Ligand SMILES: *Cc1c(COP(=O)(O)O)cnc(C)c1O
């Protein structure tokens, strides 16, 4: 058998160690997972009841078009329903975009390091990835512009950038968009949009009105706390959304996920509380890092990339033995850094206590 030549080099996705694996490997009772930017406060109280109402219809296919959720989001954002595409996580929206647009030999531009799914899906479709190094942990938009050719089809921006947590500001993104040819699609991945404190993030919804070649991706996996249900969405021009819908699987999201997401959107008080607690958690962690003499990138989401000035794989392993799972920068292009999710205050304190011990142990 002969798999597509452009996928033979791809690794099978290797998730971080699960809580259960770490428990049994190190004989631990309690694990603190700060590795996947999940919401430490769970999800809205509305969600459980909403999901249970779907249970009786488990034998029936879901509404493939996610009509009710689409309506809800269109009201919430004041956009038209045909500007929305719902996916099994924003990961699936990334996949559908790649599937709908790329043919072999197309070029696509992205930062490095950034969220790996852009490159992964582009390579599966045979596109050539042009990776532009971050500048001070932030997208180098000017350099990205210089890399555009007549073959460029999609540019991926991640804001806040995973794994560094940095953002580009509104004027910068707007000026970038005015310089990108109108037939190049710009994907703006805002998985952490709801952590925007005081309008520091670009006003992506206003940019949507000005630029037809712009699509915003958001998700219910992060602040909304529905990661396991797999649901996310894109907001863009109706023509772009139509194109993506043409490659969408008929029943790509479950009715459980659709109903949960709808209930979750209706509880903005929960989102506000999580954002507030995240802000306090971020302040706590960065104060601690400062007092420990560690530097970090300015963080705008629910995670921080901190330079621990020691080999990240060793620090990662040391923390793991103490039951704390983070992401080691050695796998993310930052060999002496850790990416840590902002947890609850208790989790943050335990992380800092453990980090202090581990940094003494590691040379
Ligand atoms: C977590 C994350 C996603 C994927 O979210 P899902 O909706 O769970 O697929 C997409 N982009 C970025 C930058 C993320 O951090």
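Quick rundown of the values:
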quantity: Flag for residue 230 being within 16 Å of the ligand (Cβ to nearest atom), over 22 Å from residue 267 (Cβ atoms) and modelled with pLDDT of 95 or more; calculated: no
quantity: Hey, residue 214 in contact with a strand residue (DSSP E or B) (Cβ under 9 Å, 6 or more places away or on another chain) and either modelled with pLDDT of 95 or more or closer than 25 Å to residue 341 by Cβ (or both) or not; calculated: yes
quantity: Failed condition for residue 283, given (1) touching a residue at least 24 places away in the same chain (Cβ under 8 Å); (2) closer than 30 Å to residue 47 by Cβ; (3) not in a loop (DSSP other than H, G, I, E, B); calculated: (1)
quantity: Every residue from the stretch 71-97 that is in a helix (DSSP H, G or I), touching a residue at least 60 places away in the same chain (Cβ under 8 Å) and within 15 Å of the ligand (Cβ to nearest atom); calculated: 73, 90, 91, 92, 93, 94, 96, 97
quantity: Selection within the stretch 99-114 - touching a strand residue (DSSP E or B) at 6+ places or on another chain (Cβ under 7 Å), surrounded by 20 or more Cβ atoms within 10 Å (Cβ to Cβ) and not in a strand (DSSP E or B); calculated: 101, 102, 114
quantity: Condition met for residue 301 (free of Cβ contacts under 8 Å to residues at least 40 places away in the same chain, in a loop (DSSP other than H, G, I, E, B) and either buried (at least 21 other Cβ atoms within 10 Å of the Cβ) or away from the ligand (no atom under 13 Å from the Cβ) (or both)); calculated: no
quantity: Residues of the stretch 50-59 classified as touching a residue at least 24 places away in the same chain (Cβ under 8 Å) and either closer than 19 Å to residue 223 by Cα or in a loop (DSSP other than H, G, I, E, B) (or both), total; calculated: 3
quantity: Qualifying residue in the stretch 171-181 (condition: within 16 Å of the ligand (Cβ to nearest atom), farther than 28 Å from residue 43 by Cβ, out of contact with any strand residue (DSSP E or B) (no Cβ under 6 Å at 6 or more places or on another chain) and in the same structural domain as residue 146 (by the TED database)); calculated: yes
quantity: Every residue from the stretch 201-227 that is within 12 Å of the ligand (Cβ to nearest atom) and crowded, with 22+ Cβ neighbours inside 10 Å; calculated: 216, 217, 218, 219, 220, 221, 222, 223, 224, 225, 226
quantity: Test: residue 144 is in contact with a helix residue (DSSP H, G or I) (Cβ under 8 Å, 6 or more places away or on another chain) and either within 16 Å of the ligand (Cβ to nearest atom) or more than 24 Å from residue 331 (Cα to Cα) (or both); calculated: no
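The values are calculated or read from the model by the stated rules, or taken from the named source; none is laboratory data. Predicted, not measured: the structure shown is a model, and the values here were computed from it. A quick note on method: Cβ atoms are made from the backbone with ideal geometry, for glycine too, and the neighbour counts reach across all protein chains shown.
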